[in-house]
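Novice: Please find one structure pasted underneath; my questions will follow.
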């Protein structure tokens, strides 16, 4: 299975550790993993201009780093979204990358998606989880799971083992 991980903030050490644990477990299970550091990329939000559904035939009018993300996204059997929670939601960069998938409507091959969230405080996940669940419902993709880590759980051996085991079991 090909897995594309969209990391909303590769600079956030806690999220990076979660992504690494997931990738390690998935690779051990024989999956192909590509990590896309969308938090470092220049990706604008969707303009809602509908170019993609007309003249663009599935391509966005905006020319930015989403052009690097879309091929991996289209080829993935599973998409994993990873983000720290900074202000009650996933990072703006990850949110923009999710919105821009509107150009193709839904992933071409992906049948599963997962969400990895880290935070300094407990229970700030409601907005990000609602977005993720809405995404899964709209695209018809199976919600394979949501893993959160707060405070001391971040980078803990137990939490990293949980994430690795989750990825191995896919």
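Novice: Tell me the angle of helix 66-75 to the major Cα principal axis of the chain, expressed in degrees between 0 and 90 and rounded to the nearest ten.
Specialist: The answer is roughly 70 degrees.
Novice: Taking square-rooted eigenvalues a ≥ b ≥ c of the alpha carbon gyration tensor, is segment 69-170 rounded, prolate or oblate, where a/c under 1.5 means rounded and, failing that, a/b exceeding b/c means prolate?
Specialist: It comes out oblate by the Cα gyration axes.
Novice: How many percent of the alpha carbon pairs in the chain exceed a separation of 30 Å? Could the numbers behind the result be given before it?
Specialist: On the way: 1686 of 14365 pairs.
The answer is 12 percent, as a whole percent.
Novice: Next up: Can you bin segment 56-97 into rounded, prolate or oblate? Criterion: square roots of the alpha carbon gyration tensor eigenvalues sorted a ≥ b ≥ c, rounded for a/c under 1.5, prolate for a/b above b/c, oblate for the rest.
Specialist: On the way: a/c = 3.00, a/b = 1.53, b/c = 1.96.
Cα axes put segment 56-97 in the oblate bin.
Novice: Also, quick follow-up: Going highest first, how would you order 67-76, 6-15 by mean Cβ packing within 10 Å?
Specialist: Details: 67-76: 17.3, 6-15: 22.0.
Order by mean packing, descending: 6-15, 67-76.
We did not get these values from a lab; they are worked out from the coordinates using the rules stated. What you see is a predicted model, and the numbers here were worked out from it, not measured in a lab. All Cβ positions, glycine included, derive from the backbone under ideal geometry; neighbour counts span all protein chains shown.
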